[in-house]
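These notes concern the structure reproduced below.
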Amino acid sequence: MQIEFFPERGLDTPCILIHSGSLDDYRLLRETCAGLACGTVPSAEMHRLPGFSGVPLVATVAMREVGVRRVGSADVFHWALDTESWECVVELLKPFAAQVCEKHGHQYLDCNAGRINVIISTDRTW
């Protein structure tokens, strides 16, 4: 599964696109987010999950929803959500983890929390 950063796309805000994974990749992503939601996983380096690559994206549980922020000047990103928001992400990932999508599908996972959106997609488009 690829994790890419797109600084701008037309009039949209910048985004992190997580895409092109296997069914197992989507399931692992959902399980990791579920761990964040219930507090068993305090943080996760998404780019280091088995089968994942791309820009560094560190997901953490926060007291309040912060969203995605760039850390320093490099392409390193910190995704901080409260447990309720992580629960929402888990639900939004459900269709991707349930079956292989034969056609394009995408979902905004974090469109209001920060200045950078997080999008899950079956391919490199949204």
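The values are calculated or read from the model by the stated rules, or taken from the named source; none is laboratory data. All values derive from a computational prediction rather than experimental measurement. Counting neighbours? That spans all protein chains shown, and the Cβs are built from the backbone with ideal geometry, glycine included.
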Would it be correct to say that residue 51 is in a loop (DSSP other than H, G, I, E, B) and within 20 Å of residue 98 (Cα to Cα)?
-> yes
Here are some residues: 19, 47, 78. Which one is free of Cβ contacts under 8 Å to residues at least 24 places away in the same chain and in contact with a Ser or Thr (Cβ under 9 Å, 6 or more places away or on another chain)?
-> 78
Looking at this structure, is residue 13 surrounded by 15 or more Cβ atoms within 10 Å (Cβ to Cβ), hydroxyl-bearing (Ser, Thr, Tyr) and touching a residue at least 24 places away in the same chain (Cβ under 8 Å)?
-> no
Matching residues, the stretch 20-46, being outside any loop (DSSP other than H, G, I, E, B), of a type outside the set (Val, Ile, Thr) and crowded, with 19+ Cβ neighbours inside 10 Å | 25, 26, 28, 29, 30, 33, 36, 37, 44, 46
Taking the condition under 20 Å from residue 121 (Cα atoms), of a type in the set (Val, Ile, Thr), outside any loop (DSSP other than H, G, I, E, B) and out of contact with any helix residue (DSSP H, G or I) (no Cβ under 9 Å at 6 or more places or on another chain), does residue 68 pass?
-> yes
Residue identified as closer than 15 Å to residue 34 by Cβ, hydrophobic (A, V, I, L, M, F, W, C) and surrounded by fewer than 17 Cβ atoms within 10 Å (Cβ to Cβ) among 74, 98, 59 = 98
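A quick yes/no check of all residues on (1) within 14 Å of residue 5 (Cβ to Cβ); (2) hydrophobic (A, V, I, L, M, F, W, C):
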{"site": "74", "(1), (2)": "yes, yes"}
{"site": "80", "(1), (2)": "no, yes"}
{"site": "89", "(1), (2)": "no, yes"}
{"site": "94", "(1), (2)": "no, no"}
{"site": "115", "(1), (2)": "yes, no"}
Using the structure shown, decide if residue 53 is modelled with pLDDT of 95 or more, in contact with a helix residue (DSSP H, G or I) (Cβ under 9 Å, 6 or more places away or on another chain) and exposed (fewer than 12 other Cβ atoms within 10 Å of the Cβ).
-> yes
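Tell me the residue from 89, 55, 41 that is β-branched (Val, Ile, Thr) and over 21 Å from residue 125 (Cα atoms), please. If you could, list the steps in order and put the result at the bottom.
Details: 89 fails: over 21 Å from residue 125 (Cα atoms); 55 fails: over 21 Å from residue 125 (Cα atoms).
The conditions single out 41.
Yes/no matrix, rows are residues, columns are (1) among the small types (Gly, Ala, Ser); (2) more than 12 Å from the chain's Cα centre (by Cα); (3) under 18 Å from residue 52 (Cα atoms):
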{"residue": "67", "(1), (2), (3)": "yes, no, no"}
{"residue": "73", "(1), (2), (3)": "yes, yes, no"}
{"residue": "79", "(1), (2), (3)": "no, no, yes"}
{"residue": "98", "(1), (2), (3)": "yes, yes, no"}
{"residue": "108", "(1), (2), (3)": "no, no, no"}
{"residue": "116", "(1), (2), (3)": "no, no, no"}
{"residue": "121", "(1), (2), (3)": "yes, no, yes"}
{"residue": "124", "(1), (2), (3)": "no, yes, yes"}
Could you please find all residues in the stretch 32-59 being more than 14 Å from residue 83 (Cα to Cα) and out of contact with any strand residue (DSSP E or B) (no Cβ under 7 Å at 6 or more places or on another chain)?
-> 48, 49, 50, 51
